[in-house]
Amino acid sequence: MGIGATFLRLACLVAVARGLQLDTAFVLSQPTTGLSATGKAACLRGKINVTASATNTKLLVKSPTGQPDLTQTIVDMATVGVDYAAMVNGGPRQVFGTYHLYVELCVPADPVAARKVQTLQFLNHGGTLDHTYWDFAAGYSYVDAAAAAGYATFNYDRLGYGLSDHPDPNQVVQAALQREIAHQIVGVLRKAKIGKNRIKNVVGVGHSAGSALIIATVGKYPADFDALIFTGISASVQGVMIAQFAFNLVPASLDPSCRFNGLDKGYLTQGAVAQDFQFPFYHYPDFDPKIFRKQFDTRQTTVFGELLTFSSVVAPQPAYTGPVDVVLGQEDYVFCQANCSYPTDQAQTFVNALFPASRSKSTFLQPKSGHLMAQHYTARDGFEHSLQFLQSNAL
Ligand SMILES: *[C@@H]1O[C@H](CO)[C@@H](O)[C@H](O)[C@H]1NC(C)=O
Ligand SMILES: *[C@@H]1O[C@H](CO)[C@@H](O)[C@H](O)[C@H]1NC(C)=O
């Protein structure tokens, strides 16, 4: 068995070495090859430069000087009678730059399956998470499940996250710029090849804030995606602010792990006690404590630039006619206040409200799951639902 496993691993690496990878116009710096969590996908990893410009919002906010300043700002954001986002909106502001982003381009490790790939999934992670959300551990990897079903995936750290650049968290890392970056990346991916085989379809897949960004991209560039899969987002937003309190946000550079040393204090993360992470993101006892611990220990950042600009880009897209799938954890606190069936199915409500002209709508409430659906015991149920949605739409 040991020999068999070794042979399989070697075979996979040889497949990558033989050139069965996603060929794109991207120039990767320090490229490495490797496998996804259980080896179903062969991945090329590295950093790309993306040059983009956008009309951001001039936010009348400064990075907090320390914890007391940040805590007061969170109170200000939730003060009765105050529309904080409107109060700090200083009008449009042009931004322009070249940004260094961490990316992973994965194809099925089985070379026969890799040659047949027609569809690539563009994955976009949520706030205080990064690319690892989609390929977290064996049994908790959408990248693995997608590769096993014959799909290529593109996974990245958004600007301001993980291994990507961390520019000005207030004026630069905002929805408008993230949308332009996503659009540029998708433009390159639409011309990608595996061997001689050209990719035919690109599907936008998001989780939470990543779903909001996919909606924003569809709004401006409706031809970017042949189908959409939204997870961890709904039109029920009363829980969002409560979740934000539960985060107990701190300047990330003050986190005792020292992982964020040197970051501008406008980069924020959850407090360093596990319940600051469990309350908004998990449903007890439906998760493996080891998975929870790993996610808590590797949690990432969020910024005012995203918190104050992402909600405004979630708007109905009556012109979009492609297939749309919406998946929510049944007990998601952030987007359902812990009951996605109340008062009616929030996944159905969302898809009907935002994508009335979609020719093929699909929804799923993943049982026994909080907001981080890919990290509960039922993760595979959600993955299988979304992959079947694509197959039933001939994608
Ligand atoms: C990206 O830009 C940086 C700085 O401009 C440069 O050092 C690096 O070589 C570039 N990387 C690629 C892959 O072009
Ligand atoms: C969730 O809401 C639905 C609809 O009101 C209700 O039937 C169901 O009992 C609720 N579930 C829980 C666990 O409260």
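The values are calculated or read from the model by the stated rules, or taken from the named source; none is laboratory data. For clarity, every value in this text was computed on a predicted model and none was experimentally measured. Counting neighbours? That spans all protein chains shown, and the Cβs are built from the backbone with ideal geometry, glycine included. What goes into the accessible areas is simple: the full protein's heavy atoms, side chains included, and nothing from ligands, DNA or RNA. Shrake-Rupley method; radii C 1.70, N 1.55, O 1.52, S 1.80 Å.
Descriptive notes on the structure:
- Relative contact order of the stretch 271-392, taken over Cα pairs closer than 8 Å and 6 or more residues apart, is 31 percent.
- Charge dipole (the chain, unit charges on Cβ, about Cα centre) - positive-most of L120, L354, T57: L120
- Highest mobility in the GNM of the chain, judged by mean-square fluctuation with C-alpha springs under 10 Å and restricted to T33, T269, T79, is found for T79.
- Ranked order, Y151, Y333 - accessible area, probe 1.4 Å, largest first: Y333, Y151
- Note on the chain: GNM, Cα springs under 10 Å; of V107, V80, V172, the largest mean-square fluctuation is that of V80.
- Mean separation of Cα contacts under 8 Å (6+ apart) over length of the chain, as relative contact order %: 17
- On the basis of the beta-carbon distance and an R0 of 30 Å, S392 and T344 show a calculated FRET efficiency of 0.80.
- Förster radius 51 Å - calculated FRET efficiency between R115 and S311 (Cβ-Cβ, nearest 0.05): 0.75
- Placing one equal scatterer on every Cα of the stretch 10-392 and applying the Debye formula, the log10 ratio I(q)/I(0) at q = 0.11, 0.12, 0.13 Å⁻¹ is -0.73, -0.89, -1.06.
- Taking a straight Cα-Cα cut-off under 19 Å and skipping sequence neighbours fewer than 8 places away in the same chain, the aspartates and glutamates within cross-link reach of K116 are D23, D144, D226.
- Averaged over its residues, the chain has an accessible area of 40 Å² per residue, based on protein heavy atoms and a 1.4 Å probe.
- Inter-centroid distance (Cα atoms) of the stretch 182-206 relative to the stretch 227-242, Å: 26
- Of the accessible area of the stretch 10-392, computed with a 1.4 Å probe over protein heavy atoms only, carbon and sulfur atoms account for 55 percent.
- Extending 7 Å from the Cα toward the beta-carbon at both I242 and T55 defines two label points whose distance is 3.7 nm.
- The H on the amide N of D288, modeled in the peptide plane, is under 5 Å from the matching H of Y377, each at least 5 residues off or on a different chain.
- Considering only R179, R158, R115, the mean-square fluctuation computed in a Gaussian network model of the chain, springs between alpha carbons under 10 angstrom, is largest for R115.
- What the Cβ-Cβ distance of A272 and V80 gives, at R0 = 30 Å and to the nearest 0.05, is a FRET efficiency of 0.50.
- With contributions of -39500 (n - 2.57) from each DSSP H run of at least four residues, the per-residue ellipticity at 222 nm computed over the chain stands at -9000 deg cm²/dmol.
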